[in-house]
């Protein structure tokens, strides 16, 4: 997996007022956890462009006020209106310990079902895995050369002896459906998402 270097500075104080001040200055409050102690720091928002707005996953070397930490991005929070990054959590990588990470799915090949008029339906764009940092791949390749209409590739079909797959074994990664079937499924998913949003709004 590729490594990206980043840099930040320790926060002198921690609190909502301090966090707002940093955000006004174009910085993002961050935390590294998983090691001996939590490290509270800030990083320029522009630094996130190379690790967030990309389908790839990275191992990170973060230099904080002169001390370097190996880490991975675990969670990122966005402002509900502006979509600006308002907080980020990083997990420190420790020697001899496994980590959990979401690895992008890379599709290769041409499915016979598509040539027959079917539609490729990508359900999972990332797969959650557990493994040692040195064994984590840039992406997990899924070959679709054998997929006909109605066929699918599930988590249980992907093999890697060095990784533990954490998604449900029967979770569909990618499938080929008739154009009508794919459209119907997408419509059902949209309806379910809308119902969920309405329910959340009603609870408020």
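Only the coordinates and a few stated rules stand behind these numbers; no lab work does. Please read these numbers as outputs of a predicted model, since none were measured by experiment. Because the Cβ atoms are built from the backbone with ideal geometry, glycine has one as well, and the counts that use them run over all protein chains shown.
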Expressed as a rounded percentage, what relative contact order does the range 3-95 have, with Cα pairs under 8 Å and six or more residues apart? 32 percent
Restricting to the chain, what percent of DSSP beta bridges are antiparallel, rounded to 5? 70 percent
Taking 173, 155 and counting other beta carbon atoms within 10 angstrom, the fewest-first order is 155, 173
So between residue 4 and residue 67, what do we pick up on full extension, going 0.36 nm a residue minus the alpha carbon distance? 21.1 nm
Any idea what the relative contact order of the chain is, in percent, if you count C-alpha pairs under 8 Å spaced at least 6 apart? 17 percent
Please arrange 13, 139 by counting, for each residue, the other beta carbons lying within 10 Å of its beta carbon, fewest first. 13, 139
For the chain, what is the mean residue ellipticity at 222 nm derived from helices alone (per DSSP H run of n ≥ 4: -39500 (n - 2.57); sum divided by total residues; nearest 500 deg cm²/dmol)? -6000 deg cm²/dmol
Efficiency by 1/(1 + (r/R0)^6): what FRET value for residue 76 and residue 151, r their Cβ-Cβ distance, R0 = 25 Å, to the nearest 0.05? 0.10
At R0 = 35 Å, how high is the FRET efficiency between residue 130 and residue 49 if r is their beta carbon distance? Nearest 0.05 is fine. 0.80
Set the Förster distance to 25 Å, then compute FRET efficiency between residue 179 and residue 108 from the Cβ-Cβ distance, nearest 0.05. 0.65
